[in-house]
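First comes the structure, then the notes that go with it.
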Amino acid sequence: MQKILNINITVIGLGLIGGSYAMAFKEINNGHVWGVDTNENTLKKAAHMKIIDEGYCDSSAHIPIEKSDVIIIAVYPQAAVNIIEKNAKSFKKEAIITDVLGIKGNNINIIQSILNGYDVEFIGGHPMAGKESSGFEYASKDIFKGANYILTPTEKNKKTTIDYMEDLIRAIGFENISIVTPEKHDKLIAVTSQLPHVIALSLINSKGVDKNIKNFVGGSFKDESRVASINPELWCELFLSNKDNLLKSIDEFQESIADIKEAIENDDSERLKTIMKNAAVKKGELN
């Protein structure tokens, strides 16, 4: 039986992920679900679809900020910091604030420093769910079903808050929840999320790829290049915010591909077979 909530929730940023959060919570929550977005048409559409009770263009609007038990910030990293800074004095007492960002370490340090002295709590969250396309029109509560979620608490987060967040995110469909430090999150995400996007961008931008090959494209190429169509503003910020970890991951990938290149250059079939067998074993361990 699905858990029914009775809390007030504000989602700031009704894009793909924020819009999906609003949809998911509206379905199981008897309290208010408010939306904040800079696009007035998005707010009108969300209200018309009954995904939110009311929408606001200003992130410092008094009703959602002052009355929300939970606030989900689904905007770019620097914008998230700006919103916290702008509203630090206005959050409801004992409110829980979380984000959906793909980078944690530095952002969380800044945000928790801003909130120091206020009776509210920020805990980092990262839903490992999404689509190739962005924007509210692609939002769906179903993208969270069975998905992975990462919580990144610090010593400033209470155990009761961590437990509460686990219950909250399970209620909208997330299945596997990992709890790690913000620093470990950023190291792992550099490998599992950011590096695959770097590889896809490199593949699509390589010299041998142009519109003339579209009739020669099969499943493997489509799989490899699927995430090449990304939001430049967001992903540029994510890459640069996690620069050291991502550069290390790129270096390790270059070593791996250089090993394959060398084996091919030397007609070393045994080495190639070993590389392939090792890859199959490691891939099996991930399933």
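The values are calculated or read from the model by the stated rules, or taken from the named source; none is laboratory data. All values reported here derive from a predicted model rather than from experimental measurement. As a convention, Cβ positions derive from the backbone with ideal geometry for all residues, glycine included, and neighbour counts pool all protein chains shown. Each accessible area value is taken on the protein alone, full model and side chains, heavy atoms only, with ligands, DNA and RNA left out. Shrake-Rupley method; radii C 1.70, N 1.55, O 1.52, S 1.80 Å.
Overview of values
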item: Residue match in the stretch 105-128 (condition: buried (at least 18 other Cβ atoms within 10 Å of the Cβ), farther than 17 Å from Ala24 by Cα and polar (S, T, N, Q)); result: yes
item: Boolean, Ile213 is among the aliphatic types (A, V, I, L, M), touching a strand residue (DSSP E or B) at 6+ places or on another chain (Cβ under 8 Å) and in a helix (DSSP H, G or I); result: no
item: Single condition Leu246 does not satisfy, out of (1) in contact with a helix residue (DSSP H, G or I) (Cβ under 9 Å, 6 or more places away or on another chain); (2) over 27 Å from Tyr76 (Cβ atoms); result: (2)
item: Some residue of the stretch 107-122 being closer than 18 Å to Ile73 by Cβ, among the charged types (D, E, K, R) and touching a Gly at 6+ places or on another chain (Cβ under 6 Å); result: no
item: Of the criteria (1) aromatic (Phe, Trp, Tyr); (2) open to solvent by less than 20 Å² (accessible area, probe 1.4 Å); (3) at pLDDT below 95, which one Tyr138 fails; result: (2)
item: The stretch 262-287 - residue that is open to solvent by less than 80 Å² (accessible area, probe 1.4 Å) and assigned to a helix (DSSP H, G or I) and, of those, nearest to Ala147 (Cα to Cα); result: Gly284
item: All positions within the stretch 86-112 that are within 23 Å of Phe174 (Cβ to Cβ), assigned to a helix (DSSP H, G or I) and not polar (S, T, N, Q); result: Gly105, Ile108, Ile111
item: Tally, over the stretch 141-158, of residues that are surrounded by 14 or more Cβ atoms within 10 Å (Cβ to Cβ), outside any loop (DSSP other than H, G, I, E, B) and of a type in the set (D, E, K, R); result: 1
item: Number of the exception - Arg226 against (1) closer than 28 Å to Pro153 by Cβ; (2) surrounded by fewer than 16 Cβ atoms within 10 Å (Cβ to Cβ); (3) in contact (Cβ under 8 Å) with a residue 60 or more places away in the chain; result: (1)
item: The stretch 121-135 residues that are among the polar types (S, T, N, Q), paired with ones that are outside any loop (DSSP other than H, G, I, E, B) (beta carbon under 6 Å, 6 or more apart); result: Ser134/Leu16
item: Whichever residue in the stretch 231-261 is open to solvent by 70 Å² or more (accessible area, probe 1.4 Å) and among the aliphatic types (A, V, I, L, M) and, among such residues, is farthest from Leu16 (Cα to Cα); result: Ile257
item: Per-region count, the stretch 52-69, residues open to solvent by less than 10 Å² (accessible area, probe 1.4 Å) and under 13 Å from Lys26 (Cβ atoms); result: 1
item: Answer residue from the stretch 20-75, given it is closer than 18 Å to Glu137 by Cα and small (Gly, Ala, Ser) and is nearest to the chain's Cα centre (by Cα) among those; result: Ala74
item: Contacts under 6 angstrom Cβ, first residue in the stretch 246-257 being within 10 Å of Gln194 (Cβ to Cβ) and among the polar types (S, T, N, Q), partner open to solvent by less than 80 Å² (accessible area, probe 1.4 Å) and in a helix (DSSP H, G or I), 6 or more apart; result: Ser249/Ala190; Ser249/Val191; Ser249/Leu195
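Yes/no per residue for (1) touching a His at 6+ places or on another chain (Cβ under 9 Å); (2) of a type in the set (A, V, I, L, M); (3) open to solvent by 80 Å² or more (accessible area, probe 1.4 Å):
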| residue | (1), (2), (3) |
| --- | --- |
| Thr161 | no, no, no |
| Leu168 | no, yes, no |
| Ile177 | no, yes, no |
| Leu201 | no, yes, no |
| Asn205 | no, no, yes |
| Lys222 | no, no, yes |
